[in-house]
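To start, the structure itself, in structure tokens.
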There are 2 protein chains.
Amino acid sequence: MATVNTSTDRTEQRARLSSLMESLGLDAVVLSSYQAVSYFAGTHIMTQVSLPDRLEFFVLFGDGSPALLLCSIETGMAKTQTDIDEIAEYTEFVDVPAEAAAKLLAQRGVTSGRIGFEARRLHSEAQADLRRVLPDVELVGIDDALEQLQSVKTPSEIDMLRFAAESTLAAVLGAAASAKPGDTELSVCAEITSRLMGAGGIYNFMVFGSGGRAIGAHVEATDQPLREGAIWRIDLGARFFETINSDLARVGVVGEPSSRQEEVVSALHAIQHAGYEAMEPGRPACDVFFAVKNEYQRQRMPFSMPHVGHGLGIGLHEAPILEPGNRTPLAAGMVLNVEPMVILPDEGECYHTEDLAVVTPEGYELLTPPQEALIRIGD
Amino acid sequence: MATVNTSTDRTEQRARLSSLMESLGLDAVVLSSYQAVSYFAGTHIMTQVSLPDRLEFFVLFGDGSPALLLCSIETGMAKTQTDIDEIAEYTEFVDVPAEAAAKLLAQRGVTSGRIGFEARRLHSEAQADLRRVLPDVELVGIDDALEQLQSVKTPSEIDMLRFAAESTLAAVLGAAASAKPGDTELSVCAEITSRLMGAGGIYNFMVFGSGGRAIGAHVEATDQPLREGAIWRIDLGARFFETINSDLARVGVVGEPSSRQEEVVSALHAIQHAGYEAMEPGRPACDVFFAVKNEYQRQRMPFSMPHVGHGLGIGLHEAPILEPGNRTPLAAGMVLNVEPMVILPDEGECYHTEDLAVVTPEGYELLTPPQEALIRIGD
């Protein structure tokens, strides 16, 4: 990992947020999601995901200075992760987090005006609490603007995303090469997980299904053995450098593929490639969606995807989502996947593949080489 | 796994919810959290946790009949998991989920009255959407009542929790027995994960730290090697049977423990035991907190925990939380952990242990045997 640039500059990220505040006429922002707090404070507080009742807040004031308001259980660890000096804390089950937030804001003179918050992340009760303790404040949802701000990655973020993507692909290919027909789905996934951890990757999610089970969108491995001739698919993500996600999908076969199976995966490859070819700065995100959709038709494959890919970073689905209504212009530095899925209910098979690409001034650069053929187990 | 009773009766769980609706004067409930949807519908939709923008709803009508409103991506899989026949779907990025929910409610005549929802789970924007499309409906937060309803486990839930707890402990003890001084934290965690998967357990979270790093509340493994004499601690959870959590903590030492280290873990054991001894139907949850707190003082150990344990099931922290203000009476069938942690900043050490117990008519029954001594690596 020594060659990966991990020097993310939170000061620069907070400066972007200050500019956003200015353009939206905000007196402060109070952010509460795992993604936003990690992004602007450099923390990795896993309970923000696993314990939705435990709230943590990142605050940015109008003068550009940041603060954190943390559950006291998390403070000690967070101090080792963040460069932010001003850290307030509340005691869980004793204090109301919103009241502690109001106090922190009042200490800096913010008792009225407009405060930006994450309307799609903060739960209704906490929002009602904030309204109660900040009666003269207008709470303004800034979710879309925040996502936009985080969609263009810095060089170090791209470096970490590349390492994460490469390590995840290596784990899948390595485990598949050592697997045999008759191994259970769970044993293959255990081998992949072990290889991920060897590269510093922490398990995040792992969809794995073989045969008919693979059709379910987000099924997990079972003790079902891999049968000869079965298509299997995996869609997995791990976290590297604490907060940076990978997200990769591959499809394979146990034993020799049939010519029909080879044909489908060739079509899948062409479909995915068409998506990348639509990536260029300035083109709208939906162009990738329609390029993929059109290629499904050319390949005579059934299409029913609401989106064909998305941004990736600290969040698993980041902006821009590659969906038909998204007119966001692509920009150099965005990191996007294209993940076509072909479901053939009559065959009882599901094909899925997914690789990341970074948008460059010239077009795109792939972070992992897309698959052109089925990955074979026990050929 | 053949001997584990996994036959959870969702009909019975929905009947409990119907009774709750009646007592609260609700015309319907619309639930949106991973925990509630899994509990009442029997689904396991992982994106409810990983993709907070993708909403899924479980609806129960006044006549006791259930329905699901799902993102179309998840419908196929969910149908293989749930016994609910009435499934509506919405298309992501095209439909507004709240509008689809209003339509589903209107089809059954619910356009006014009182609807229960999860105020601490549904995000503010979705709540605002529901208010807009259901202007004549009063939305009533029922979070506490829902948690209460889920806190007493059925025999099959207890059976699954027991299997999950035993398998998790076995994975930790097995990996520790095969580890050596000098192994990295990550390699130990990879071995534990592999053993968990062998028992059907899917990684959920794994706090692991050795030496001074162990003090951080929720640190993860790194490639740091295990040094002789270092205290290490693990706090981990996996999901079994798709949705049932384990949650276990253990503390160990690399090589021979010092007499001081042995003394601290003995105190930790006495503290944990004092918590279990306060478990009895009818006693308030806070009694366990105070029993633990008092034993810290008797053992002359520093105490700073906002809570000393919690319920466990589909949620990682379920009711009742063992915190000082919680007067909820304990009841037979509740499954609770007691997880004292001793932080010694001067020694740069953190001790933590955690086991589940089920409250019985007579008192409690442990699901795993608590540790009385440090787990040794390479003794």
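The values are calculated or read from the model by the stated rules, or taken from the named source; none is laboratory data. As the structure is a prediction and not an experimental result, all values here were calculated from the model. As a convention, Cβ positions derive from the backbone with ideal geometry for all residues, glycine included, and neighbour counts pool all protein chains shown.
Summary table
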{"read-out": "Residue identified as touching a Lys or Arg at 6+ places or on another chain (Cβ under 9 Å) and either among the basic types (K, R) or at pLDDT below 95 (or both) among A:R300, A:R250", "value": "A:R250"}
{"read-out": "Matching entry among A:R120, A:R162 (being among the basic types (K, R) and either in a loop (DSSP other than H, G, I, E, B) or not assigned by TED's automatic domain parsing to the domain that holds A:L248 (or both))", "value": "A:R120"}
{"read-out": "Residue in the range B:231-240 that is at pLDDT 95 or above, assigned to a loop (DSSP other than H, G, I, E, B), small (G, A, S) and in the same structural domain as B:C350 (by TED's automatic domain parsing) present", "value": "no"}
{"read-out": "Qualifying residue in the range B:68-75 (condition: among the hydroxyl-bearing types (S, T, Y) and assigned to a loop (DSSP other than H, G, I, E, B))", "value": "no"}
{"read-out": "Any hit, the range B:89-99, residues being closer than 29 Å to B:Y203 by Cα, of a type outside the set (D, E) and either crowded, with 20+ Cβ neighbours inside 10 Å or touching a strand residue (DSSP E or B) at 6+ places or on another chain (Cβ under 7 Å) (or both)", "value": "no"}
{"read-out": "Breaking point among (1) more than 7 Å from every other protein chain (Cβ to nearest Cβ); (2) of a type in the set (V, I, T); (3) farther than 17 Å from B:A238 by Cα, for A:T222", "value": "(3)"}
{"read-out": "Strands (runs of 3 or more DSSP E) within the range B:313-379 that include 3 or more residues more than 17 Å from B:G282 (Cα to Cα)", "value": "B:341-344, B:349-352, B:375-377"}
{"read-out": "Restricting the range A:191-205 to residues that are among the hydrophobic types (A, V, I, L, M, F, W, C) and surrounded by fewer than 21 Cβ atoms within 10 Å (Cβ to Cβ), the residue that is farthest from B:R54 (Cα to Cα)", "value": "A:A199"}
{"read-out": "All positions within the range A:100-117 that are more than 10 Å from every other protein chain (Cβ to nearest Cβ) and either assigned to a strand (DSSP E or B) or under 22 Å from B:V140 (Cα atoms) (or both)", "value": "A:G113, A:R114, A:I115, A:G116"}
{"read-out": "A:A217, sole failed condition from (1) hydrophobic (A, V, I, L, M, F, W, C); (2) facing chain B (nearest Cβ under 9 Å); (3) surrounded by fewer than 18 Cβ atoms within 10 Å (Cβ to Cβ)", "value": "(3)"}
{"read-out": "The range B:167-189: number of residues that are of a type outside the set (G, A, S) and part of a helix (DSSP H, G or I)", "value": "8"}
{"read-out": "Test result for A:I84, farther than 27 Å from B:G315 by Cα, within 14 Å of chain B (Cβ to nearest Cβ) and either buried (at least 17 other Cβ atoms within 10 Å of the Cβ) or within 28 Å of the chain's Cα centre (by Cα) (or both)", "value": "no"}
{"read-out": "Only one of A:K103, A:K79 that is of a type in the set (D, E, K, R) and over 21 Å from A:Q127 (Cα atoms)", "value": "A:K79"}
{"read-out": "Residues of the range A:275-304 classified as out of contact with any helix residue (DSSP H, G or I) (no Cβ under 7 Å at 6 or more places or on another chain), of a type outside the set (D, E, K, R) and in a loop (DSSP other than H, G, I, E, B), total", "value": "4"}
{"read-out": "Any pair with Cβ under 7 angstrom, 6 or more apart, that starts in the range B:79-103 at a residue that is touching a residue at least 24 places away in the same chain (Cβ under 8 Å) and ends at one that is hydroxyl-bearing (S, T, Y)", "value": "B:Q81/B:T43; B:T82/B:T43; B:P97/B:Y90; B:A100/B:Y90"}
{"read-out": "Per-region count, the range A:306-324, residues within 28 Å of A:V264 (Cβ to Cβ) and more than 8 Å from every other protein chain (Cβ to nearest Cβ)", "value": "6"}
{"read-out": "Considering residues of the range B:1-43 that are at pLDDT 95 or above, part of a loop (DSSP other than H, G, I, E, B) and hydroxyl-bearing (S, T, Y) only, the residue surrounded by the most Cβ atoms within 10 Å (Cβ to Cβ)", "value": "B:T43"}
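Okay, residues lined up against (1) within 14 Å of another protein chain (Cβ to nearest Cβ); (2) closer than 19 Å to B:E318 by Cβ:
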residue	(1), (2)
B:L20	no, yes
B:L31	yes, yes
B:S38	yes, yes
B:A41	no, yes
B:H44	yes, yes
B:V49	yes, yes
B:R54	yes, no
B:L68	no, no
B:E74	yes, no
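Rundown of residues vs (1) within 14 Å of another protein chain (Cβ to nearest Cβ); (2) under 14 Å from the mean Cα position of the chain (by Cα); (3) over 24 Å from B:R162 (Cβ atoms), yes/no style:
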position: B:D247; (1), (2), (3): yes, yes, no
position: B:V264; (1), (2), (3): no, no, yes
position: B:L268; (1), (2), (3): no, no, no
position: B:G282; (1), (2), (3): no, no, no
position: B:N326; (1), (2), (3): yes, no, yes
position: B:G333; (1), (2), (3): no, no, no
position: B:L344; (1), (2), (3): yes, no, yes
